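Written below as structure tokens is the structure these notes are about.
The values are calculated or read from the model by the stated rules, or taken from the named source; none is laboratory data. This one's a predicted model, so the numbers in the text were calculated from it and none came from an experiment. Glycine gets a Cβ as well: all are built from the backbone with ideal geometry, and neighbour counts include every protein chain shown.
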Amino acid sequence: MADESQKWVLMVTAQTPTNIAVIKYWGKRDENLILAINDSISVTLDPAHLCTTTTVAVSPAFNQDRMWLNGKEISLSGGRYQNCLREIRARANDVEDKKKGVKIAKKDWENLHVHVASYNNFPTAAGLASSAAGFACLVYSLAKLMNVQEDNGRLSAIARQGSGSACRSLYGGFVKWVMGKEENGSDSIAVPLVDEKHWDELVIIIAVVCSRQKETSSTSGMRETVETSALIEHRAKEVVPKRIIQMEEAIQKRDFATFTHLTCADSNQFHAVCLDTSPPIFYMNDTSHRIISCVEKWNRSEGTPQVAYTFDAGPNAVLIARNRTYAALLLQRLLFHFPPNSETDLNSYVIGDKSLMEDIGIQDIKDIEALPPPPEIKDKVPAQKYKGEISYFICTRPGRGPVLISDDSQALLHPNTGLPK
Ligand code: DP6
């Protein structure tokens, strides 16, 4: 007969957002601790549209650490998972759950195993960075389960050891990852610049670009850049430090023109150092370039920029519009240039905050076909339609940092067995 005392399972569920850098992190000075060669700044995306939910559980009945990602078991043996687990366990404290009659002493944690179940609310196949939200959520939820007392800044230094960009997902709004100077990485942490309410006019549209190409991972891509590019040192030492100061000021003042100038220039320079890598790395494709041209042309015709673009290690475009009015005009332009294939369901072509579709009066595919060409493109109108090049659009906005989910029905692990539901 099973020992009754072995039956308890303690669980915590948390939700953590993803983030997109407007001043990019590219290049490490320490591969194991994941220390960057420059500071970076990101905007946190609304978790309602893009986030990771993670449930972590502990029980004396578990005989090893296990993890399930989107329902499939994955190995926790990799160095990055091990580093995060070790750092969190080292900071665990006494835990008591009076309702369940469970007491865990600080010293017990090293002998107890955990189960982790994680789920992304956006398609993983989309090539949107899911590791940032994933590692941030793993560290945040384990810290709550183990009663770790460190603040989010200290937790960010642990999440950083899972994936560099993950440290910036410990806060909402605009966040800076300070590269730090210490060899042990203790000062390489995320700091919140402003919360998500500071600049709540911004609207973000992500264009998920169709691509068959297998991309070079960020980890190996940035390693190759540091090893072979002559430009990366100039970028890290001369260009980024100045941009960081200017970007912080632009964010504080909500200066959209400067913000756009810096965001686009930094994305383009990041892709330029990728091209300067040997062999060269191409993350953007023709569709990405067409989106850049469309935005550049429109911004120029407006006289003052209305939309910023940025691209990570893949072809997807992240477009940040000044406000809702311009986001609607942007979506109109995007749908004009990139109409869906005829078999595509409109409901799955524009996802996230669908209210922008109402703003522009689009109810079905026929409305997209009837969109007039944007006034800034006078010539070659028929040649500027690229049907089927975009998989779908996600409409979102800046969002909040991690939260605990107290509603047990949303837990991803079974409360009695600690196995996935
Ligand atoms: C282009 O954080 O994915 O998105 O630290 O090796 O896990 P590792 O890399 P990762 O790199 C992100 C690179 C980027 C720019 C950014 O997010 O700042």
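For the range 60-98, name all the residues that are within 22 Å of the chain's Cα centre (by Cα), buried (at least 17 other Cβ atoms within 10 Å of the Cβ) and assigned to a loop (DSSP other than H, G, I, E, B). Across the range 60-98, the qualifying residue is only Leu76.
Do we have any residue at all in the range 10-20 that's of a type in the set (Gly, Ala, Ser) and either within 16 Å of the ligand (Cβ to nearest atom) or not in a strand (DSSP E or B) (or both)? No, there is no match, as no residue in the range 10-20 is of a type in the set (Gly, Ala, Ser) and either within 16 Å of the ligand (Cβ to nearest atom) or not in a strand (DSSP E or B) (or both). Scan the range 244-253 and give yes if some residue there is crowded, with 17+ Cβ neighbours inside 10 Å, outside any helix (DSSP H, G or I) and either free of Cβ contacts under 8 Å to residues at least 40 places away in the same chain or hydroxyl-bearing (Ser, Thr, Tyr) (or both), otherwise no. Checked against the condition, which is being crowded, with 17+ Cβ neighbours inside 10 Å, outside any helix (DSSP H, G or I) and either free of Cβ contacts under 8 Å to residues at least 40 places away in the same chain or hydroxyl-bearing (Ser, Thr, Tyr) (or both), the range 244-253 yields no hits at all. In this structure, is Leu112 touching a residue at least 12 places away in the same chain (Cβ under 8 Å) and surrounded by 21 or more Cβ atoms within 10 Å (Cβ to Cβ)? So Leu112 does not fit the description; no. Restricting attention to the range 36-55, which residues are more than 18 Å from the chain's Cα centre (by Cα), within 16 Å of the ligand (Cβ to nearest atom) and part of a strand (DSSP E or B)? Correct list: empty. Do we find a residue being within 19 Å of the chain's Cα centre (by Cα), within 13 Å of the ligand (Cβ to nearest atom) and surrounded by fewer than 24 Cβ atoms within 10 Å (Cβ to Cβ) anywhere in the range 164-175? Checked the range 164-175: no residue is within 19 Å of the chain's Cα centre (by Cα), within 13 Å of the ligand (Cβ to nearest atom) and surrounded by fewer than 24 Cβ atoms within 10 Å (Cβ to Cβ).
Could you check the range 388-421 and list, in sequence order, the residues that are outside any loop (DSSP other than H, G, I, E, B), of a type outside the set (A, V, I, L, M, F, W, C) and under 29 Å from Val194 (Cα atoms)? Answer for the range 388-421, where residues must be outside any loop (DSSP other than H, G, I, E, B), of a type outside the set (A, V, I, L, M, F, W, C) and under 29 Å from Val194 (Cα atoms): Thr396, Pro398. Residues in the range 269-284 that are out of contact with any Gly (no Cβ under 9 Å at 6 or more places or on another chain), more than 12 Å from Ala313 (Cα to Cα) and assigned to a loop (DSSP other than H, G, I, E, B): Asp276, Ser278, Pro279, Pro280. Listed by first and then second residue, the pairs linking a residue in the range 168-195 that is β-branched (Val, Ile, Thr) to a residue that is in a loop (DSSP other than H, G, I, E, B) and more than 15 Å from the ligand (Cβ to nearest atom), with Cβ atoms under 8 Å apart and 6 or more places separating them unless they lie on different chains, are Val178/Asp187; Val194/Gly173. Of all residues in the range 295-324, those satisfying the criterion of being farther than 20 Å from Ala132 by Cβ and out of contact with any helix residue (DSSP H, G or I) (no Cβ under 6 Å at 6 or more places or on another chain) are Val295, Glu296, Lys297, Trp298, Asn299, Arg300, Ser301, Glu302, Gly303, Asn323, Arg324. For Gly418, indicate whether it is more than 30 Å from Asn63 (Cα to Cα), modelled with pLDDT of 95 or more, surrounded by 19 or more Cβ atoms within 10 Å (Cβ to Cβ) and of a type in the set (Gly, Ala, Ser). Taking the combined requirement at face value, the residue does not satisfy it.
Of all the listed residues (Val148, Val139), the sole one being assigned to a helix (DSSP H, G or I) and of a type in the set (Val, Ile, Thr) is Val139. Only one of these conditions is not met by Leu155: (1) part of a loop (DSSP other than H, G, I, E, B); (2) buried (at least 19 other Cβ atoms within 10 Å of the Cβ); (3) without any contact (Cβ under 8 Å) to a residue 24 or more places away in the chain. Which number is it? Condition (1) is where Leu155 drops out.
Only one of the numbered conditions (1) buried (at least 22 other Cβ atoms within 10 Å of the Cβ); (2) at pLDDT below 95 is violated by Ser301, and that is (1).
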